[in-house]
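Note sheet for the following structure.
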Amino acid sequence: SICSTQGTCWITIGSSLVNDLAGLNVNNVSGTASFYAETFTRDLLPPTVASFSLDLSNQALTLTLSEAVNPSTINVSALVIQSNSNISTFGSLFHRLAGHNGLVINTSSGMYILTVQMIEKDANVLRSMQFATSINNTYLSVDDGAFHDTAIPANPSMLISPFSALQASSVKAD
């Protein structure tokens, strides 16, 4: 893999990249003359959920992530919708997602947006439990390793504890 270790990171330079002070093209640097990285710092940061929104009318849970994730590593059953930020609060309700009908990743504006198309069963359970109707009763907890980033080796996502869950930035109930 390219740039997964110091020995696999190098740069080549085309002659049209820059001109010298006299206006002349720089010399091509390619092939065996390529420059290898003098230092290499591996990505050690785990991906995190920065914010989320829930749209029950479209059965969509949208997560804004801190970085790109590998779609094949996403485990939606590690995502839990809760009625309070602290699951131990008396009367708290929660639902762990059971599946999905599709995942969409969008990287517009430098943001990494993951939309989980919830299965009907999950949406119906949330509707019947009488929570997830506003930002005041919609929170998300995420199990450790719910997804992984694209680093080599990949970093697992960070836990969002059910005792300090993330509040929804927007909620659209049915």
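Here are a few things to note about the model shown:
- In the stretch 24-44, of all residues being touching a strand residue (DSSP E or B) at 6+ places or on another chain (Cβ under 8 Å) and modelled with pLDDT of 85 or more, the one that is farthest from Ala132 (Cα to Cα) corresponds to Asn25.
- Within the stretch 91-131, if we keep just the residues that are part of a loop (DSSP other than H, G, I, E, B) and in contact with a His (Cβ under 8 Å, 6 or more places away or on another chain), the residue that is surrounded by the fewest Cβ atoms within 10 Å (Cβ to Cβ) turns out to be Met129.
- In the stretch 143-174, the residues that are open to solvent by less than 40 Å² (accessible area, probe 1.4 Å) and either out of contact with any Leu (no Cβ under 7 Å at 6 or more places or on another chain) or assigned to a strand (DSSP E or B) (or both): Gly145, Phe147, Asp149, Ala151, Ser157, Ile160, Ser161, Val171
- Put simply, of Leu97, Leu159, Leu166 the only residue that is in contact with a Phe, Trp or Tyr (Cβ under 8 Å, 6 or more places away or on another chain) and of a type outside the set (Gly, Ala, Ser) is Leu166.
- Filter pass, Leu140 being at negative phi, part of a strand (DSSP E or B) and open to solvent by 30 Å² or more (accessible area, probe 1.4 Å): no
The values are calculated or read from the model by the stated rules, or taken from the named source; none is laboratory data. Keep in mind it's a predicted model, so treat the numbers as computed, not measured. Quick reminder, even Gly has a Cβ in these numbers, built from the backbone with ideal geometry, and neighbours come from all protein chains shown. Areas reflect the complete protein model, heavy atoms only, side chains present, ligands, DNA and RNA absent. Shrake-Rupley method; radii C 1.70, N 1.55, O 1.52, S 1.80 Å.
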